[in-house]
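Novice: Handing you a structure now.
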Amino acid sequence: MSDQVTLEVFRYRPEEAAEPCFERFTVPARRNWMILDALNHVKEELDGSLSYRWACRMGVCGSCGMTVNGEPVLTCATYLTDAAASRDPVRIEPLHGFPVVRDLIGDIRDFIAKLKRVKAWIVRDDEKPLSEGEYLQTPAQLARYKQYSMCINCMLCYAACPIYPLEPEFIGPAAIALAQRYNLDSRDAGAAERMDVLSQEDGIWSCTFVGECSTVCPKNVDPAGAIQRYKLQATTAWFKSLLMPWRDR
Amino acid sequence: MDTSTHDVLIVGGGGAGLRAAIAVAEADPGLDVAVVSKVYPMRSHTVSAEGGAAAVVKSSDSFEDHCYDTISGGDWLCDQDAVEAFVDEAPRELIQLEHWGCPWSREPDGSIAVRPFGGMKIERTWFAADKTGFHMLHTLYQTALKYEAPTWYDEWFVTSLLVDEGRCQGAVAVEQATGKVQAILAKAVILTTGGCGKVFPYTTNANIKTGDGMALAFRAGVPLKDMEFMQYHPTGLPFTGILITEAARGEGGWLLNKDGYRYLQDYDLGTPEPRPVKRSMELGPRDRLSQAFVQEMRKGRTVDTEHGAVVHLDIRHLGAKTIDAKIPFVRELCLKYEKLDPVEELIPVRPVIHYMMGGVHTDLQGATTLPGLYAAGEVACVSINGANRLGSNSLTELLVFGARAGRAAAERARSAPEAGGAVVRQALDEERRLTTGLLEKRGGGEKVAALRTEMQGAMEAGAGIYRDAAGLDAAAERIQELRERFADVALDDHSLTFNTELTACLELENMLELASAIIESGLQRRESRGAHQRTDHPERDDQRFLSHSLAYRTGGDRPRIELLPVTVTRWPPGERVYGR
């Protein structure tokens, strides 16, 4: 491999030009560099105006998701030379599916609103006092929801979802997985309230189960699995309500 | 200029800020609370904390033991009244987080599981596998969303505090997406912006940890306390600085030199045993372990790599099952960032900057010396960490003191007068500084990134693990030179829309302030204590320095340092004993 890599970076500067364009930068092909290191090299050495988000550079804060060679990835966890091996020049774009604010930065406010809509927090009628200690939860009970609690809100699943750009009201993979995370928590009693939100048209039913969300998830959360499980629950609840209308869900 | 008004304004959306926001909402649902954060709250650096959060829960543990471990770990520079309040409230706060849904790891019977950490006599670290900070932050954020009260200023950057008539009345902030400058007025302001690890080149800290809140307070005349105490974590990955949690040693990992020898036995840290022994060897305190690394390097017994000297962390004997159950993130990070599997291979590690023990001087309620201004978490120094923080106290600290600051600020907001008109004029001045003074400025020979790199190099050279007067003086001169050059800085980016270079420039300005405070505090403390080791003053000197350093900003080049005696309640200063 050559000792340099060419990057083809999406630029959008709304104050200067109405249309986005691609700009090329040449960076050293360092073996231990991630895509993010290459972008930092561009910003520090070549063009201080390149804009993107990053923070922890250890794959846990969820800030640095971008589209690299067409795939949504965490740029702090994608090796530059691996990307260069699959496509030269390496093409870097913002995550698809979100309005672009500037360069590689997308607007994710929609997700925050959805997180609130699905009540991604513990819902409980009676609260025991702190003096009575913790709610017991066995390792097996913890394991039921643990996977869904690993979501870092990086938005790769929304970027991969074929439905979200067409139906922006669709609640989407991460928010549904997080709703499921609380539904499956032995300490929670909010499943019915969440079902009211998720069983609506723009809830789970928009999903056509392409499964891309689970493929791209960097933390193996499996949002597609969460959505399928939810559909089953919702269907069961609907049949019960038909057969036994006197019974509460 | 746009102006908004709230009762309580929280600057920083990490663990401490979110805990404070919930405390305000619970103290009085009628209060209008706002959270300003330069990143979306769940991106905050709390997310990276791995190992756990300390609180007494086992019947074999006690209030006295947690206090003693903390105070001796801090080399007797902790304020003991603060430690007592902290240890007392710690279990309650962690149980509160459990009630909010935090997925704490459990014992088979469903009760909370704990594990040992460095410097601990009895295991008391609550953990959520080895992503404890991540789970705490997301639990806090998702719980905070439940409350209607908070107004969220996500991705806004605070550039200055508004102070008039001797009280803090709000802040000026830039909305990064649009470049809009706004005055956000409030009756009480809480700083929860975290630490300042990015002052140094190799750090576990996220890119966002630039000490903004410390600099905001410092410029407003509030003293910074104990800034010479910067913690190195002994086990960071060499190129990236990524943290390999202390839990790896808590579970039984060994530190080996180039000969495969557990070298800590040569540094008065005990004798090697196959199983982990608390307060011994690899479970000694972080300052002592980081210092032992440097000694070992000087003896030529470390391993040379393209990224400098390293030693090895060996967890192979724990086996894949334990590693995957207890410290899966360690394996994930090694596979991803070092392309090695710690089940079969040694992990190269070196000490890296991890935590600022010092910070904005506060009392036990989080109040600073400026009425209306509070601080909590790593940005603050309430003095529970002393000269060396004990692993797993910081996550608990941000809960205990975040909640306290929230309650205190809520109390003040109920009685304090509204912000006055004078501060709006100040905000207009600040807007002019940001736009015509910086954003629109052309020419100028200095670049943000280059100055930052030079600053980091100067700090590592002069204010690292071992220091002396000559090195600190040289660093002080370098930083002063960089501050002069900063006046000539110019941006490549003149755009209003998400101008990350403008943010980086303001962060650099903040870090240069803090660099001066770190160096000057280090120069004035002519003793060695905890994380501050002076080769020209190698002994601890309780006669002269059983005191905190308070750094005040002056009109001149260097901060003024005053001393404030340490509060001792029940634990008179003694020898720090580990491994015997």
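Novice: Got a sec? Which residues in region B:167-199 would a label at B:ASP429 touch, if it sits 7 Å along Cα→Cβ and we count backbone N under 19 Å?
Specialist: So the set is B:167-174, B:181-186.
Novice: Tell me the Rg and the Dmax, in Å, that the Cα atoms of region B:234-351 produce.
Specialist: 13.1, 37
Novice: Now a separate question. What is the helix-to-structure angle for B:15-27, meaning the angle in degrees between its Cα long axis and the longest Cα principal axis of chain B, kept from 0 to 90 and rounded to the nearest 10?
Specialist: 60 degrees
Novice: Give me the one-decimal nm value for the distance between modelled label points at B:ASP109 and B:GLU484, 7 Å along each residue's Cα-to-Cβ direction.
Specialist: Distance between the two pseudo-spin positions: 6.9 nm.
Novice: Here's something else I'd like to know. Give me Rg over Rh for chain A, both radii from the alpha carbons and Rh done the Kirkwood way, two decimal places.
Specialist: Expressed as Rg/Rh, it is 1.06.
Novice: Which log10 I(q)/I(0) values does the protein assembly as shown give at q = 0.05, 0.07, 0.08 Å⁻¹ under the Debye formula, counting every alpha carbon as one identical point scatterer?
Specialist: The Debye formula, applied to the Cα set alone, gives -0.24, -0.49, -0.66.
Novice: Still on this model: So, in Å, what gap is there between the alpha-carbon centers of region A:140-215 and region B:96-148?
Specialist: 23 Å
Novice: Tell me the relative contact order for chain B as a rounded percent, counting alpha carbon contacts under 8 Å between residues six or more apart. Display every interim value, and only then the final one.
Specialist: Values: 1391 pairs, mean separation 128.9, N = 580.
Dividing the mean separation by the residue count of chain B yields 22 percent.
Novice: Could you work out the mean count of beta carbons from other protein chains within 10 Å of each residue's beta carbon in B:103-109?
Specialist: On the way: counts 9, 3, 4, 9, 3, 3, 3.
Across B:103-109, the average partner-chain Cβ count within 10 Å equals 5.
A short reminder: the numbers here are calculations on the coordinates, not readings from a lab. None of these values were measured; they are calculated from a predicted model. All Cβ positions, even for glycine, are placed from backbone atoms using ideal geometry, and neighbour counts span all protein chains on display.
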